[in-house]
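Novice: For reference, the structure I am asking about is given below.
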Amino acid sequence: MDVKVNECTLRLVKGDITERKVDAIVNAANNKLLPGGGVCGAIHKAAGEGLAKECARIGFCETGDAVITKGYNLPAKYVIHTVGPVYSGSKRDAFLLSNCYKNSLKLAVKNSLNSIAFPSISTGIFGYPVEKASKVALSTIVDFLKANGKPSLVEMVLFSDSDFEVYRQVLEGLLK
Ligand code: ADP
């Protein structure tokens, strides 16, 4: 599903983010930037050990912040690593999650990247309910594109049919 926002394309995709041929894919990382499970484990596995080495040199990323590395064996040229909040039920969760999307998009623009693909940050091991997280993710992306007019392609890559359906409904509601 594609929608246009300020000349840019916002696309919902059902699939595996490691296969996306974009300038950067976003990793739902942990503070120590270690290869873990979930989407992070899949990205490290597909990228090869060069990625873990570069992450180890960087060493740390604050929750809500983002750092950039090369993509190594991935089809994507770069990986932007951002650390989502572990869901706690407090108001700060949404602030931190929104920062993940905003700071990743800022880093993409700063590095002149035209296309970026996000997974559904924090909604796996970090326990953020997907109905709530999808509203934060999509509204942050739409606001950023309205304000900046770039990057020209932003993908949200959803791993399951049910997540795709939640994101689709929320996006339709947002654009009404
Ligand atoms: P977090 O720790 O931020 O919650 P997870 O990796 O546990 O991160 O999950 C984030 C989301 O990524 C979940 O919706 C999960 O289903 C999804 N996911 C897992 N593997 C992949 C993949 N290869 N491509 C895209 N999304 C994935």
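The values are calculated or read from the model by the stated rules, or taken from the named source; none is laboratory data. All values derive from a computational prediction rather than experimental measurement. Quick reminder, even Gly has a Cβ in these numbers, built from the backbone with ideal geometry, and neighbours come from all protein chains shown.
Novice: Filter region 107-132 for residues that are farther than 14 Å from VAL26 by Cβ and part of a helix (DSSP H, G or I); which is farthest from the ligand (Cβ to nearest atom)? If you could, list the steps in order and put the result at the bottom.
Specialist: Of all residues in region 107-132, those farther than 14 Å from VAL26 by Cβ come to 110, 112, 114, 125-132.
Then drop every residue that is not part of a helix (DSSP H, G or I), which leaves 110, 130-132.
Values: LYS110: 23, VAL130: 7, GLU131: 12, LYS132: 13 Å.
In this case the residue turns out to be LYS110.
Novice: Take THR140 and decide whether it is within 14 Å of the ligand (Cβ to nearest atom) and in contact with a helix residue (DSSP H, G or I) (Cβ under 6 Å, 6 or more places away or on another chain).
Specialist: no
Novice: Select from region 38-70 the residues that are among the small types (Gly, Ala, Ser), closer than 14 Å to LEU107 by Cβ and either touching a residue at least 60 places away in the same chain (Cβ under 8 Å) or out of contact with any helix residue (DSSP H, G or I) (no Cβ under 6 Å at 6 or more places or on another chain) (or both) and list them in ascending order.
Specialist: Correct list: empty.
Novice: Give the residue, chosen from SER162, SER134, SER152, SER139, that is hydroxyl-bearing (Ser, Thr, Tyr) and crowded, with 18+ Cβ neighbours inside 10 Å. First the steps, then the outcome.
Specialist: Numbers: SER162 fails: crowded, with 18+ Cβ neighbours inside 10 Å; SER152 fails: crowded, with 18+ Cβ neighbours inside 10 Å; SER139 fails: crowded, with 18+ Cβ neighbours inside 10 Å.
Checking each option against the conditions leaves just SER134.
Novice: Could you list, ordered by first residue, the pairs with Cβ atoms under 8 Å in which the first is in region 119-135 and more than 15 Å from GLU172 (Cα to Cα) and among the hydrophobic types (A, V, I, L, M, F, W, C) and the second is in a helix (DSSP H, G or I) and within 7 Å of the ligand (Cβ to nearest atom), at least 6 apart or interchain?
Specialist: So the pair list comes out as ILE125/GLY38; VAL130/ASP163.
Novice: Is it true that ALA46 is crowded, with 21+ Cβ neighbours inside 10 Å and aliphatic (A, V, I, L, M)? Spell out how you get there, then give the answer.
Specialist: Numbers: crowded, with 21+ Cβ neighbours inside 10 Å: no; aliphatic (A, V, I, L, M): yes.
Here the answer is no, as ALA46 does not meet what is asked.
Novice: Quick one: which of ALA76, ALA117, ALA108 is touching a helix residue (DSSP H, G or I) at 6+ places or on another chain (Cβ under 6 Å) and of a type in the set (A, V, I, L, M, F, W, C)? Show your work before the answer.
Specialist: Values: ALA76 fails: touching a helix residue (DSSP H, G or I) at 6+ places or on another chain (Cβ under 6 Å); ALA108 fails: touching a helix residue (DSSP H, G or I) at 6+ places or on another chain (Cβ under 6 Å).
ALA117 is the lone residue from the list that is touching a helix residue (DSSP H, G or I) at 6+ places or on another chain (Cβ under 6 Å) and of a type in the set (A, V, I, L, M, F, W, C).
Novice: Within region 159-167, does at least one residue satisfy the condition of being modelled with pLDDT of 95 or more, within 22 Å of LYS91 (Cβ to Cβ) and part of a loop (DSSP other than H, G, I, E, B)?
Specialist: So the first thing to find is which residues in region 159-167 are modelled with pLDDT of 95 or more, and the list is 159-167.
Those still in the list that are within 22 Å of LYS91 (Cβ to Cβ) too: 166.
Narrowing the set further to residues that are part of a loop (DSSP other than H, G, I, E, B) leaves none.
No; the residues of region 159-167 include none that is modelled with pLDDT of 95 or more, within 22 Å of LYS91 (Cβ to Cβ) and part of a loop (DSSP other than H, G, I, E, B).
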